[in-house]
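Below is one structure, written out as structure tokens; comments come after it.
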Amino acid sequence: MYSIAIDGPAGAGKSTIAKLVAKKLQFIYVDTGALYRGLAYACLSEGLGKENREEVVGVCKKSRIEIAFDADGTQIVLLNGENVNPFIRTEQVSAMTSGISVYPEVREVLLELQRGMAASHDVVMDGRDIGTNILPHANVKIFLTASVEERAKRRYLEQAAKNPAVTMEEIRQDIIERDYRDEHRETAPLKKAEDAVLVDSSFLSIEEVAEAILEVAAGRGIL
Ligand code: DC
């Protein structure tokens with residue numbers, strides 16, 4: 001089995017790129033952020049806040065998270081058998097996910113599921129600690145990043161349509177804070193694995209980034 005790990009901060013384009021690379025190679029794309037989001041949604045549904053650590057850990061441990069795929073390869077997160085994809089992309093879930101993913105016990109819940117996917121399929125897996133922690137022996141490790149300015153600009157364009165009141169400065173601050181939290185948490189912080197290839201997507205198109213990754217993969221015998 002081949003595995004390609006793509007880590008990096010929010011807004012660098014990981015999911016778009018990972019999806020495209022997976023399609024070109026006919027690998028499965030595993031979006032690990034969606035798994036953490038599924039657990040965060042379970043906790044919110046029980047009325048918990050991120051500060052209720054003990055209860056959060058309890059809910060995460062008893063929740064059954066599974067991955068399925070629909071006909072066109074889109075990942076579906078099943079929480080206790082229910083497709084929760086429609087509910088995990090809200091701002092509330094994003095904030096809760098960021099809050100609970102700092103707990104090592106929560107990360108532990110998803111460890112085997114992620115490793116199991118890579119053991120049974122050729123995967124492109126994106127997240128924060130895939131190359132450093134989940135798949136330390138991945139065939140290809142990419143650390144995909146982009147400048148704060150560029151990521152803020154992309155997110156602004158995405159959100160302005162939904163929420164006209166949002167300002168560029170708010171988004172910029174939010175990105176800086178989330179980066180800080182992801183990079184400074186004790187368990188599995190966001191950082192480039194020593195053997196990861198750094199790709200900066202600030203001035204590259206989606207196609208160019210995908211090509212760069214496919215080139216690295218080809219160099220490792222993945223064609
Ligand atoms: O990639 P995303 O925006 O869907 O991730 C949501 C949150 O989950 C984000 O705050 C970081 C966290 N996360 C993580 O800690 N580890 C991963 N492998 C993936 C996501």
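Since every read-out is calculated from the coordinates, none of them should be taken as a lab result. Note that the coordinates shown come from a computational prediction; the quantities given were computed from them, not determined experimentally. Note that we place each Cβ from the backbone using ideal geometry, even for glycine, and neighbour counts take in every protein chain shown.
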Worksheet, complete the sentence: Counting as exposed only GluC sites (Glu not before Pro) in DSSP loop states with no more than 16 other Cβ atoms inside 10 Å, the longest exposed-site-free span of the chain is 52-185
Worksheet item: Check residue 129: other-chain or 5+ apart residues with amide H under 5 Å from its amide H, H built from backbone geometry?
Response: none
Worksheet item: Between the DSSP loop rule and a limit of at most 14 other Cβ atoms within 10 Å, which trypsin sites (Lys or Arg not before Pro) in region 51-146 are left?
Response: 64, 89
Fill in: Cα radius of gyration and Dmax for the chain (Å)
16.9, 49
Worksheet entry | Too-long pairs where the Cα-Cα distance tops 24 Å, listed order kept, from 24/141; 162/192; 24/61 | 162/192; 24/61
Discussion item. Tell me the Rg and the Dmax, in Å, that the Cα atoms of region 126-223 produce.
Written reply: 15.6, 48
Practice prompt. Would you grab the residues whose amide H sits under 5 Å from the one on residue 30? Only those 5+ places off in sequence or on another chain, please, with H modelled 1.01 Å from N.
Written response: 124, 125, 126
Discussion item. With a cut-off of 8 Å between alpha carbons and a minimum separation of six or more residues, what is the relative contact order of the chain in percent?
Written reply: 33
